[in-house]
1. Tell me, what % of the accessible area of the chain is carbon and sulfur with a 1.4 angstrom probe?
2. Under 22 Å Cα to Cα from Lys39, which lysines show up? Leave out anything in the same chain fewer than 8 places away.
3. Expressed in nm to one decimal, what extension gain is obtained for the pair Thr8 and Lys50 from 0.36 nm per residue of sequence separation less their Cα-Cα distance?
4. Quickly work out the Phe91-to-Met1 label distance, labels modelled 7 Å from Cα along the C-beta direction, and quote it in nm with one decimal.
5. Find the eigenvalues of the gyration tensor of the Cα atoms of the chain, then list the square roots of 5 times those eigenvalues as equivalent ellipsoid semi-axes, largest first, in whole angstrom.
6. In the neighborhood of Phe10, defined by Cβ-to-Cβ distances under 14 Å, what is the net charge if each Lys or Arg adds +1 and each Asp or Glu adds -1?
7. Go ahead and run the numbers for FRET between Asp29 and Ser83, Cβ-Cβ distance against an R0 of 22 Å, rounding to 0.05.
8. If Ile67, Ile98, Ile36, Ile49 are ordered by their accessible area, calculated over protein heavy atoms with a 1.4 Å probe, which sequence runs from highest to lowest?
Amino acid sequence: MNFAFKGTEFESLTDCLEGPNAIAISKEDATAPARILAKFAKTAPALEIKAGVVEGNFYDTEAMKEISSIPSREELLSRLLGSFQSPITNFARVIKQIAEKDGEAAPAEAEAEAEAPVEA
């Protein structure tokens, strides 16, 4: 791996290549390998995440733990969409309740006016 890493963005990993090593790569989601390995490490105590390179930046063990806690892009987008929809949904509910309340009040007012004596 030392020879493969020379001259690449992964050259900073050469100091971490003592003992058995494995590499996880993702072209789609930059944090997916860290999440998957951290989840698997909970059931395999011998697995240790030594370091990683995410989008060209070197991260040590502690930083990789933080990166593994970042949700996937899809999950973050769905949370963002949910936060956008929440105020709009709440506003629509309030408007609907106001419209329904006004709709109930209008027939009651009409009945009251019809029952009131007509003054000439």
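1. 58
2. In chain and number order, the partners are Lys27, Lys50, Lys65.
3. 13.3 nm
4. So the two model labels end up 5.2 nm from each other.
5. Details: eigenvalues 874, 39, 15 Å².
The answer is 66, 14, 9 Å, longest axis first.
6. For residues surrounding Phe10, the net value is -2.
7. 0.55
8. Listed by decreasing accessible area, they come as Ile36, Ile98, Ile49, Ile67.
The values are calculated or read from the model by the stated rules, or taken from the named source; none is laboratory data. All figures in this text were calculated on a predicted structure; none of them were measured in a lab. Note that we place each Cβ from the backbone using ideal geometry, even for glycine, and neighbour counts take in every protein chain shown. To get the accessible areas, we keep the full protein, side chains included, count just its heavy atoms, and leave off ligands, DNA and RNA. Shrake-Rupley method; radii C 1.70, N 1.55, O 1.52, S 1.80 Å.
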